[in-house]
Amino acid sequence: MAVTLSPRPDLWTLDPGVLHLNHGSYGAVPRRTQELMASLRTEMDANPMVWFRTVADRLTTSRLALASFLRTDPAGFALVPNASAGVTVALHTLPIPAGSRIVLTDHAYGAVRYAAERFARDRGAEVVTVAIPLEADDDTVVALIAEHLDNASVLIVDQITSGTAKVFPIDALVAAAHDHEVPIVVDGAHAPALIDAPAAAGADFWTGNFHKWPAAPRATAGLVVAERWRSASMPLIVSWSEYDERMPERFDMQGTYDYVPWIAAPESLEVLADLDWPTRRPQLTALVEEGAKVLAKALGTGVAEVGHAPATMRLVELPSGVDLSGGDMLKMRISGELKAEITFTGFEDRQFIRLSAHAYNSLADYEKLSEGLPRLLG
Ligand SMILES: Cc1ncc(COP(=O)(O)O)c(C=O)c1O
């Protein structure tokens, strides 16, 4: 694929002296959105009383824009602070009888697993972990999960896994879960902007973060709820909307809270539009693939085969013997000495660097990382 669009670091305020190669964790907010947030905060603090009277209408506007970006029915789309909150609402809503099983995979995000464990403990249920080989193709993923759906009260699956940067076949998994009459919760934390219409498969619950690939302000996420669960779904914070029967609206006002990120989030969608995202995204795929190859060559390893890789993340295998047991120590050395931000992940006994690409990255970023990293890992 020919890369025809130029990198646009000018649209961000990221420190140009740092190699920012981990957009996938916390995203990065473009300058324009930051400026809008600053002006909204100035307005809020000029007259908090007036500000809070306007919040509900502004949230409606924002919610509609975010739902439209996901190409989902706004009637089932609620704002939540993050994907963890979305999964927690889902588990709070779904019946989880004693003796039943909450099924997830060994690729599930750690905090989501903790949520499953908490609800299993509280309800006398059991968490069942399905092992999915890293390289598994779509049919294998579905077959392995489908074997574990008997007596399941909930299936939780990632749309794009975090530690293994692997895309799961959500359409087929929703169909398999529904064939077994098992409600399915899709953890789409990484899906917005990487997968078009990510909630279209009709999962019982789908949640995804806008702060990652759409580069929206942090603490902006969505929860898409299938019609049958809408009346039972409640926000995690009990507030004045407790007896509001309108489904997405009752998730809007969560007490005295900083609503600026939710209100400003659509500005980042405008930035993506200006970046010509449908053309840019495949170019970022080409970029991260090339960058991963350059790094793997420098490390003498390879780019991991994950079956179906997402648009903008790749796993590069770490050389054997790299000691990650010091927690963040190595990351801090890489950050301090190499001025590079990367993340390490692992699966079974393998260790990886998970590389990201966003519109501010260029091949030179991966080349510079590749020049300096072997020395720090050695
Ligand atoms: C697959 C997956 N699920 C859930 C989360 C949790 O997201 P948050 O911390 O925004 O709740 C993440 C975060 O990276 C993730 O990658």
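The values are calculated or read from the model by the stated rules, or taken from the named source; none is laboratory data. Quantities reported herein were computed from a predicted structural model and do not represent experimental measurements. Glycine gets a Cβ as well: all are built from the backbone with ideal geometry, and neighbour counts include every protein chain shown.
Look at (1) small (G, A, S); (2) surrounded by fewer than 20 Cβ atoms within 10 Å (Cβ to Cβ); (3) over 20 Å from L91 (Cβ atoms) and you find that A165 fails only one, number (2).
Residues to consider are A359, A298; find the one that is part of a loop (DSSP other than H, G, I, E, B) and surrounded by 15 or more Cβ atoms within 10 Å (Cβ to Cβ). Give the steps one after another, and end with the answer.
Values: A298 fails: part of a loop (DSSP other than H, G, I, E, B).
None of the others qualify; the one that does is A359.
Yes or no: V127 touching a helix residue (DSSP H, G or I) at 6+ places or on another chain (Cβ under 6 Å) and within 15 Å of the ligand (Cβ to nearest atom)? Here the answer is no, as V127 does not meet what is asked. Filtering the range 168-190 to residues that are within 15 Å of the ligand (Cβ to nearest atom) and outside any strand (DSSP E or B) leaves F168, I170, L173, G188, A189, H190. Of all residues in the range 151-167, those being among the β-branched types (V, I, T) and more than 15 Å from the ligand (Cβ to nearest atom) number 1. Of the listed requirements (1) touching a helix residue (DSSP H, G or I) at 6+ places or on another chain (Cβ under 7 Å); (2) of a type in the set (D, E, K, R); (3) surrounded by fewer than 20 Cβ atoms within 10 Å (Cβ to Cβ), D187 misses just one: (3).
Considering the range 11-98, the qualifying helices (runs of 4 or more DSSP H), each wholly inside and each with 3 or more residues that are within 21 Å of the chain's Cα centre (by Cα) and closer than 26 Å to L223 by Cβ, run over 23-26, 48-70, 83-93.
Of the candidates T164, T129, the single residue that is assigned to a loop (DSSP other than H, G, I, E, B), under 21 Å from the mean Cα position of the chain (by Cα), among the polar types (S, T, N, Q) and at pLDDT 95 or above is T164. Going through S241, S268 one at a time, which residue ends up being under 19 Å from the mean Cα position of the chain (by Cα), under 27 Å from M37 (Cα atoms) and not in a loop (DSSP other than H, G, I, E, B)? The unique qualifying residue is S268.
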